[in-house]
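Structure, as C-alpha cells:
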C-alpha cells in the first residue's frame, strides 16, 4: 500500500508484541518497526498473524516485513532474508513455587512441556530443523530417562493457560517473553532458572530481487536507530535491553549467531 509499511506480527507475545488496554499493538518489536517506518516516511500498519504461517503471509503479500521475535534459522533463511535486530535466550516458565521441580535440563525428562507452534522451542524440544538429532527429548532418552511430552499451541496465551490449569509442567519460550509473564503475574508464574542458548532474531523481508530495495532501506533505518540511541531507548522501555544487537550485527543479512 503506497505510503504504508505493513508489518506481520503474532500478537500477543509480550513484551515484544502485544496489545495495550485500548487494543493497540505495542511492544519492542512493534515500536522498532514504527521507528523504521518513520525513517522511511511510511505509516506502519500491523497485521496480526499466527506464527506458524507468518512467513507464508509475507510471501502471500499480506505484509511487507515481519517483526515478530523470529529466530534466524537455516530453514527460515531459505525462504526469506532476515535482518538481525534482537537476541534472546530460551527459558522455562513454571507455576509459582515450581511444583514440577524443573531446575536443570535433566529435570525436564518425563515432563509435559508447552511451546508455541512453529517456534524454535518446538524444534529444540523435538530435535527437528536446526536441532535435528540433538533435541532435548532425545537427550533424555539417550541417557535412559523418560522422553519429554511436547504440547504445542497456536498462541502463547493458550500455552500459559495450560500451565495455569496444570495441564503442562512448563512453558518454553524466548527469555524476554518468559520473564515478562512472570513479572506481570508473580502469583501464578515463575522462571525455572534453566536458560538455554542465545539466538539472533531477525526482521524478515522477501528474498527476491524486487524487494532488495526495501530490504536495504529497512536495514539502513535499523542501523540508524541503533547508532542514534533510539533503538536502545525502545528496548529499555520494555526491559529488553539485554537483548540489544550492534549496528555491525544488523548490517549482516541472515547472520545466525
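Taken together, the values in this text are just the output of simple stated rules run on the coordinates, not laboratory data. Everything numeric in this text was worked out from a predicted model, so none of it was measured. Cβ atoms come from the backbone with ideal geometry, glycine included; neighbour counts cover every protein chain shown.
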- Query: Rounded, prolate or oblate: which one fits segment 115-243, using the alpha carbon gyration tensor with axes a ≥ b ≥ c (rounded when a/c is under 1.5, else prolate when a/b beats b/c, else oblate)?
  - Reply: oblate
- Message: With a 10 Å cut-off between alpha carbons and a GNM built on the chain, which of 200, 42, 58 moves the most?
- Response: 42
- Message: Can you classify the chain as rounded, prolate or oblate using the Cα gyration tensor, where a ≥ b ≥ c are the square roots of its eigenvalues, rounded means a/c under 1.5, and otherwise it's prolate if a/b beats b/c and oblate if not?
- Response: prolate
- Query: Going by how many other beta carbons lie within 10 Å of each one, how would you line up 13, 171, fewest first?
  - Reply: 13, 171
- Message: To check you understand DSSP bridge types, tell me what percent of the beta bridges within segment 89-198 (both residues inside) are antiparallel, rounded to 5.
- Response: 55
- Query: Can you give the relative contact order of the chain as a percent, counting alpha carbon pairs under 8 Å and 6+ residues apart?
  - Reply: 28
- At 222 nm, what helix-only mean residue ellipticity would the chain give, in deg cm²/dmol to the nearest 500, using -39500 (n - 2.57) for each DSSP H run of four or more? -8500 deg cm²/dmol
- State the antiparallel share, in %, of DSSP beta bridges confined to the chain, rounding to the nearest 5. 60
- For segment 89-198 the mean separation of alpha carbon contacts under 8 Å (6+ apart) over residue count, i.e. relative contact order in percent, is 46
- Query: Sorted from fewest to most neighbouring beta carbons within 10 Å, what does the list 198, 7, 150 look like?
  - Reply: 198, 150, 7
- Antiparallel bridge percentage (DSSP; both residues within segment 1-106; nearest 5): 25
- Cα shape, segment 112-174, gyration tensor, a/c 1.5 rule: oblate
- Query: Roughly what angle does helix 28-39 make with the longest principal axis of the chain, taking Cα atoms, 0 to 90 degrees, to the nearest 10?
  - Reply: 10
- segment 28-150: relative contact order in percent, alpha carbon pairs under 8 Å with at least 6 residues between: 20
- Query: Extension gain residue 224-residue 20, at 0.36 nm per residue separation less the Cα-Cα distance, in nm?
  - Reply: 70.7 nm
